[in-house]
Every structure is written in C-alpha cells, then in structure tokens.
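Participant: Before we start, here is the structure in question, set down as structure tokens.
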Ligand SMILES: Nc1ncnc2c1ncn2[C@@H]1O[C@H](COP(=O)(O)OP(=O)(O)O)[C@@H](O)[C@H]1O
Ligand SMILES: [Mg+2]
C-alpha cells in the first residue's frame with residue numbers, strides 16, 4: 001500500500017528567469033507526497049503560477065530538475081506527465097459541448113470511443129453535473145463551468161491534479177461550496193493535488209501542507225496549523241492572519257526559549273525554531289487572540305497597557321491598546337469574554353505565553 005510519506009514529485013534547485021536576470025523562481029527545493037493536498041500560497045507575483053506551469057510542463061526551468069517517481073520530467077511533454085490541470089488561462093473550449101470538452105484529454109491519449117463515453121459520463125457524475133453533456137459552456141453558470149473544468153482535469157484519472165486559482169472568479173458562497181467539493185473529491189479519489197491560491201483562508205482550510213511563497217522562494221512549508229501558530233519568518237506572520245509586532249534584541253536563551261530586550265527596557269520571553277545569537281535583532285510576533293487581559297500567573301509575559309479603542313465585531317471585540325511603545329497593539333476577545341469595565345484610557349495588564357510569542361527575523 002502506498003504510504004502518505006512517499007514522495008512522488010521533487011523539485012531540485014529549480015530556477016526560472018524570463019528576462020535573463022530576475023529569478024521569478026529561485027533555488028526551489030520541494031517534495032510533494034503522494035495523496036497530499038499541497039497549496040502554494042503567496043502574494044501576486046511571488047512565482048506560484050510559474051512553479052505550477054513548470055510542473056505541468058508548459059514552462060521549462062532555467063536550471064535545476066523536476067522529477068516524478070525519481071525520473072526527470074524535463075523532456076516529458078505536458079500530456080505525457082499524467083497530470084490533470086485546471087488553470088485560469090486554460091478555459092473550456094467555447095465551440096465544443098461539455099461532453100466534447102471533457103472528452104478532449106481522452107482523445108489526446110487515444111482512448112477508444114466507447115470508453116470515452118463511459119468516462120465522460122462518470123466524470124460529470126463525479127462533479128454532480130449529470131445530463132448536461134450536450135450543452136455548451138456559454139449556457140452554463142460560472143460555477144458549472146468551473147466544475148466542468150474540474151471534470152476535464154479528472155476524467156483520465158490522473159495521479160496528480162494541478163489547479164491555479166480555480167475558484168478565483170466565483171462569488172464567496174459558491175467558492176466555499178466548491179472548496180468543500182474539491183476537498184471531498186481529493187479524499188475520495190486519493191489523488192495528489194497541487195493548488196495555487198493567494199487566499200490564506202482557502203489554503204489553511206483545504207490543504208494538508210502549505211508552501212508560502214515570497215519573491216520566488218518558499219518561506220515556509222508546513223501543515224496549516226504550524227503555518228499559523230508557528231510562523232517561521234516575519235513575512236509569513238504578516239501574510240497569514242494578524243499579528244502584533246514588537247522589535248527587540250536577543251538577550252539570552254533559557255530552556256529553549258529566548259529572553260528579548262525591547263527598546264523601552266521590557267524583557268519578554270519568546271519561542272523560536274532555531275537558536276538565536278545573543279545581541280541579534282528580532283521582531284516578536286503575537287497573534288491578537290493569544291493576548292489575555294489581566295492575565296493570571298500561568299502567563300510568562302505580563303506588561304502594562306493603555307486601552308485606546310474598543311471595536312465591536314459581533315462575535316468578538318477588538319481592543320486597540322498601547323503596549324511597549326506600539327500604539328496599534330490589538331487583542332481579540334470573544335464576545336462572551338469582554339469585561340464591561342474595559343473603556344478607552346483604562347490602564348490594564350496584558351499577557352501572553354512564550355509559546356505564542358515568536359521571535360522572528362527583524363522587520364526594522
Ligand atoms: N510569461 C512570462 N514572461 C515574463 N514574465 C513573466 C511571465 N509569467 C510571469 N512573469 C513574471 O514572473 C513573476 C512571477 O509571476 P507568477 O509566477 O505569475 O506569480 P504568481 O502566480 O505568484 O502571481 C512576476 O513578476 C511576473 O510578472
Ligand atoms: Mg498566478
């Protein structure tokens with residue numbers, strides 16, 4: 001039986017430049033495990049699409065190698081790579097019916113006529129669209145077209161499916177519905193999915209692993225919980241979710257944690273994945289939902305704060321405060337936990353645990 005840890009795709013030192021000097025993908029090493037759902041997440045221009053295009057075979061790397069099952073893919077044309085693709089710029093063929101669109105990858109692979117009919121019907125059932133094979137793309141809603149594109153990518157039972165922002169054009173409700181459908185298909189079919197998105201919520205909810213891209217490089221690759229709770233760089237902490245930042249200098253290590261001295265003389269205890277040298281600059285990152293107001297003694301870091309503003313958001317309240325010289329320091333309190341005495345100008349204590357305070361690369 002195939003184990004989840006089996007690596008089916010590997011990028012080795014892959015670089016790509018279009019203009020001869022800017023590396024839009026830079027020294028990329030990446031392993032993709034069989035049956036996993038890997039998201040490539042990052043801002044626009046960070047190299048996600050280029051990475052996926054190189055995997056699909058529509059672009060070649062400038063240097064480095066991409067392997068599947070240990071064999072280089074560089075000389076293998078796209079249709080021989082056994083990958084289904086759902087790309088934004090690879091829309092349905094408008095002059096072909098739905099059935100003809102879905103049959104296209106099968107015909108490319110020279111599948112016999114009677115098998116084509118059976119597989120097209122099965123693919124349409126898989127995406128919950130039976131009985132629309134005779135229609136044309138223009139007669140379908142956006143969501144239906146997207147499902148047909150998905151059926152076309154799945155029809156030849158590929159081992160790997162590549163998707164580039166497949167839900168980008170859909171409205172929120174339909175997008176969330178399709179996210180669930182794609183996740184279900186992934187679980188049911190046991191395929192490997194590589195999924196490009198710039199939407200952090202989408203990446204966190206759908207993926208088994210997330211690779212965060214920035215300027216052609218992977219900043220961090222980890223399970224969604226680690227990406228959010230244990231960001232490895234300031235870029236990841238800022239790009240995903242909200243965070244409060246405090247600048248300081250590492251003072252000394254203690255029991256695997258680090259004491260950090262802030263500009264105002266406050267000492268805080270923070271966690272980091274790698275040893276930090278005394279004297280090095282760092283930026284601390286603390287998520288707003290990890291801040292407690294008037295914390296008990298179980299919390300390592302306790303500092304004075306001045307409440308500036310309360311912002312009501314229905315299910316929670318955001319409290320803006322001045323903390324250690326940061327006047328936009330936010331706590332996020334569940335609505336049931338908000339003390340009615342909290343008001344602007346009140347002097348309080350706030351606190352957070354060392355494990356929720358990440359010492360990352362300096363922002364300043
Ligand atoms: N065909 C191309 N020719 C020249 N430059 C390109 C081409 N495709 C992408 N780029 C450039 O490469 C960089 C990365 O783009 P892309 O991989 O599309 O990023 P993303 O998908 O993360 O938005 C961008 O600066 C983009 O302008
Ligand atoms: Mg893109």
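The values are calculated or read from the model by the stated rules, or taken from the named source; none is laboratory data. Small disclaimer: the values here were computed from a predicted structure and weren't measured. Note: ideal-geometry Cβ built from the backbone for every residue, glycine included; neighbour counts use all protein chains shown.
Participant: Any residue at all in the stretch 293-303 that's touching a helix residue (DSSP H, G or I) at 6+ places or on another chain (Cβ under 6 Å), closer than 21 Å to residue 230 by Cβ and crowded, with 16+ Cβ neighbours inside 10 Å? Before you say what the answer is, go through the steps one by one.
Facilitator: Step one: list which residues in the stretch 293-303 are touching a helix residue (DSSP H, G or I) at 6+ places or on another chain (Cβ under 6 Å), which gives 300.
Now restrict to residues that are closer than 21 Å to residue 230 by Cβ: 300.
If we keep only those that are crowded, with 16+ Cβ neighbours inside 10 Å too, we end up with 300.
Yes, because at least one residue in the stretch 293-303 is touching a helix residue (DSSP H, G or I) at 6+ places or on another chain (Cβ under 6 Å), closer than 21 Å to residue 230 by Cβ and crowded, with 16+ Cβ neighbours inside 10 Å.
Participant: If I go through the stretch 214-228 residue by residue, how many of them are out of contact with any strand residue (DSSP E or B) (no Cβ under 6 Å at 6 or more places or on another chain), more than 16 Å from residue 33 (Cα to Cα) and touching a residue at least 12 places away in the same chain (Cβ under 8 Å)?
Facilitator: Of the residues in that region, 3 qualify.
Participant: When the residues of the stretch 267-288 are narrowed to those that are in a loop (DSSP other than H, G, I, E, B) and in contact with a strand residue (DSSP E or B) (Cβ under 6 Å, 6 or more places away or on another chain), which ends up nearest to residue 300 (Cα to Cα)? Step through it out loud before you land on a result.
Facilitator: Of all residues in the stretch 267-288, those in a loop (DSSP other than H, G, I, E, B) come to 272-280, 287.
Then drop every residue that is not in contact with a strand residue (DSSP E or B) (Cβ under 6 Å, 6 or more places away or on another chain), which leaves 272, 276, 278, 280.
Working: 272: 15, 276: 19, 278: 20, 280: 22 Å.
Looking at the filtered set, the residue picked out is 272.
For every residue, the table says whether it meets (1) within 16 Å of ligand 1 (Cβ to nearest atom); (2) touching a residue at least 12 places away in the same chain (Cβ under 8 Å); (3) surrounded by 21 or more Cβ atoms within 10 Å (Cβ to Cβ).
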| position | (1), (2), (3) |
| --- | --- |
| 12 | no, yes, no |
| 15 | yes, yes, no |
| 20 | yes, no, no |
| 25 | yes, yes, yes |
| 29 | no, yes, no |
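Participant: Can I ask one more? Of 176, 157, which residue is closer than 14 Å to residue 126 by Cβ and either part of a helix (DSSP H, G or I) or more than 16 Å from ligand 2 (Cβ to nearest atom) (or both)?
Facilitator: Only one candidate qualifies: 157.
Participant: Shifting gears a bit: Just checking, does the stretch 89-104 include any residue being assigned by TED's automatic domain parsing to the domain that holds residue 207 and within 16 Å of ligand 1 (Cβ to nearest atom)?
Facilitator: There is at least one residue in the stretch 89-104 that is assigned by TED's automatic domain parsing to the domain that holds residue 207 and within 16 Å of ligand 1 (Cβ to nearest atom).
Participant: Kindly indicate whether any position in the stretch 24-43 is within 16 Å of ligand 2 (Cβ to nearest atom), within 23 Å of residue 228 (Cβ to Cβ), modelled with pLDDT of 95 or more and not in a strand (DSSP E or B).
Facilitator: Taking every residue of the stretch 24-43 in turn, at least one turns out to be within 16 Å of ligand 2 (Cβ to nearest atom), within 23 Å of residue 228 (Cβ to Cβ), modelled with pLDDT of 95 or more and not in a strand (DSSP E or B).
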